[in-house]
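> Take this structure, written in structure tokens, and hold onto it; I'll ask about it next.
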Amino acid sequence: MAVYDALLNLRTAKKFEAMDVTDLVARAVAESGIKKGICTLFVPHTTAGISANEHFDPNVPHDILTTLAGLVPEDASYGHPEGNAPAHIKASIVGSSLCVPVREGQLALGRWQGIYLMEFDGPRSRQMHVTVIG
Amino acid sequence: MAVYDALLNLRTAKKFEAMDVTDLVARAVAESGIKKGICTLFVPHTTAGISANEHFDPNVPHDILTTLAGLVPEDASYGHPEGNAPAHIKASIVGSSLCVPVREGQLALGRWQGIYLMEFDGPRSRQMHVTVIG
Amino acid sequence: MAVYDALLNLRTAKKFEAMDVTDLVARAVAESGIKKGICTLFVPHTTAGISANEHFDPNVPHDILTTLAGLVPEDASYGHPEGNAPAHIKASIVGSSLCVPVREGQLALGRWQGIYLMEFDGPRSRQMHVTVIG
């Protein structure tokens with residue numbers, strides 16, 4: 001049993017963005033040398049989240065961001081004065097952590113699955129903690 | 001410390017369905033022989049999710065599915081052309097992974113809690129990865 | 001490699017409440033003596049959730065609770081007869097588990113991040129399972 005940690009440094013380009021980090025996370029898993037276990041991901045931010053979803057058709061993450069923007073509109077009334085209340089709310093809906101299995105030294109993602117940093121208040125510098133245990 | 005892995009093969013029967021997998025996950029935990037640790041669950045799919053919720057009154061999962069269908073309607077306009085954009089969006093809202101504690105060799109679920117595969121685009125063959133660490 | 005477990009006993013005061021449990025979780029991590037790994041949290045309840053979000057401006061958790069109350073209204077029609085169907089639905093949206101990295105013996109939370117028990121059907125006695133692995 002071992003623990004391997006990595007910290008991804010990211011830079012988003014848009015206010016709302018699904019940044020595909022699958023390759024970066026896969027590289028961290030390969031570097032860990034761990035063959036069987038879990039890879040847990042965490043964003044240390046309050047206006048971004050993590051999600052696994054399809055990363056072939058770019059319409060999929062776009063539909064997710066657009067639907068969330070409809071459910072949590074920018075122009076509603078919020079108590080938080082910084083103008084980014086919707087980003088905080090979306091972060092709690094999508095979630096800050098994800099736990100992906102590691103099998104045969106690789107992320108056991110489905111055929112269509114990728115891992116996204118979900119940016120709700122960019123553009124910004126962002127980080128993602130990777131912890132592989134196994 | 002040990003890692004035990006299992007892969008559940010499931011078959012959903014409806015387009016929208018909350019499939020109770022509590023007993024299957026509990027069996028995997030028992031087979032692991034692990035007494036204290038965590039059981040992490042992951043669906044390698046982009047149109048299904050995982051949730052822990054009440055599994056006594058079947059109205060509860062039905063209310064969840066119905067409310068999500070209202071928030072992410074089938075007949076809205078989406079960019080993804082396959083007709084299942086709402087299923088992808090719901091998967092990101094509900095989430096693809098869940099981490100349940102293991103205590104005294106058993107899932108430390110609450111009295112009313114069960115574990116559901118949340119099907120948003122069935123009927124389909126589905127899988128769930130189980131990883132027990134402890 | 002070691003596993004440390006703790007059980008937090010909580011008492012919420014309101015129907016909808018974001019209870020800041022960051023200090024309690026941080027104490028459990030310190031007591032574990034684990035320097036690098038993960039801290040997984042789980043609520044064994046079906047009408048409460050867990051979320052990491054800003055814990056400086058109290059408007060942030062308030063905005064989250066208010067927006068969820070708008071998306072899942074109390075006065076809509078639900079099948080579950082106990083009157084707390086919205087609480088169950090919100091629990092599945094926000095999620096029952098969270099996985100936070102541990103680095104240098106501490107929770108690797110972001111500068112503005114705290115951990116909340118999200119109460120959707122209080123006031124009640126609540127518990128949170130803490131499992132630290134590393």
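The values are calculated or read from the model by the stated rules, or taken from the named source; none is laboratory data. None of the values given here were measured: they were computed from a predicted structure. Using ideal geometry, Cβ is built from the backbone for each residue, glycine included, and neighbour counts are taken over all protein chains shown. To get the accessible areas, we keep the full protein, side chains included, count just its heavy atoms, and leave off ligands, DNA and RNA. Shrake-Rupley method; radii C 1.70, N 1.55, O 1.52, S 1.80 Å.
> Every residue in region C:65-80 that is more than 14 Å from chain B (Cβ to nearest Cβ) and open to solvent by less than 50 Å² (accessible area, probe 1.4 Å), please.
Listed by number, the list holds a single entry, C:L65.
> What pairs come up if the first residue lies in region C:1-21 and is of a type in the set (S, T, N, Q), the second is open to solvent by 80 Å² or more (accessible area, probe 1.4 Å) and not in a strand (DSSP E or B), and their beta carbons are under 9 Å apart, counting only those six or more places apart or on different chains?
C:T12/C:R124
> C:A52 versus (1) open to solvent by less than 10 Å² (accessible area, probe 1.4 Å); (2) touching a Cys at 6+ places or on another chain (Cβ under 9 Å): which is the lone unmet condition?
(2)
> Still on this structure: Kindly provide the set of residues from region B:81-109 that are assigned to a loop (DSSP other than H, G, I, E, B), open to solvent by 10 Å² or more (accessible area, probe 1.4 Å) and either without any contact (Cβ under 8 Å) to a residue 12 or more places away in the chain or closer than 29 Å to A:V72 by Cα (or both), ordered by number.
The answer is B:P81, B:E82, B:G83, B:N84, B:G95, B:A108.
> For region C:1-72, please list each of the strands (runs of 3 or more DSSP E) lying entirely inside it that holds at least 3 residues being over 15 Å from the mean Cα position of the chain (by Cα).
C:3-11
> To continue, here is another question. Consider A:A2 carefully, then state whether it is surrounded by fewer than 17 Cβ atoms within 10 Å (Cβ to Cβ) and away from chain C (no Cβ under 14 Å).
Against the criterion (surrounded by fewer than 17 Cβ atoms within 10 Å (Cβ to Cβ) and away from chain C (no Cβ under 14 Å)), A:A2 does not qualify.
> Which residue out of A:V25, A:V132 is out of contact with any Ser or Thr (no Cβ under 7 Å at 6 or more places or on another chain), under 19 Å from A:L10 (Cβ atoms), open to solvent by less than 40 Å² (accessible area, probe 1.4 Å) and touching a residue at least 60 places away in the same chain (Cβ under 8 Å)?
Only one candidate passes the filter, namely A:V25.
> For residues in region B:90-134 being facing another protein chain (nearest Cβ under 8 Å) and touching an Asp or Glu at 6+ places or on another chain (Cβ under 6 Å), which is modelled with the highest pLDDT?
B:T131
> Quickly run through region A:44-63 and pick out the residues that are farther than 23 Å from A:A108 by Cα and in contact with a strand residue (DSSP E or B) (Cβ under 9 Å, 6 or more places away or on another chain).
Across region A:44-63, the qualifying residues are A:P44, A:H45, A:T46, A:T47, A:A48, A:H62.
> Can you tell me which condition C:E31 does not meet? The list is (1) surrounded by fewer than 13 Cβ atoms within 10 Å (Cβ to Cβ); (2) in contact (Cβ under 8 Å) with a residue 40 or more places away in the chain; (3) touching a strand residue (DSSP E or B) at 6+ places or on another chain (Cβ under 8 Å), and all the others hold.
With respect to (1) surrounded by fewer than 13 Cβ atoms within 10 Å (Cβ to Cβ); (2) in contact (Cβ under 8 Å) with a residue 40 or more places away in the chain; (3) touching a strand residue (DSSP E or B) at 6+ places or on another chain (Cβ under 8 Å), C:E31 is out only on (2).
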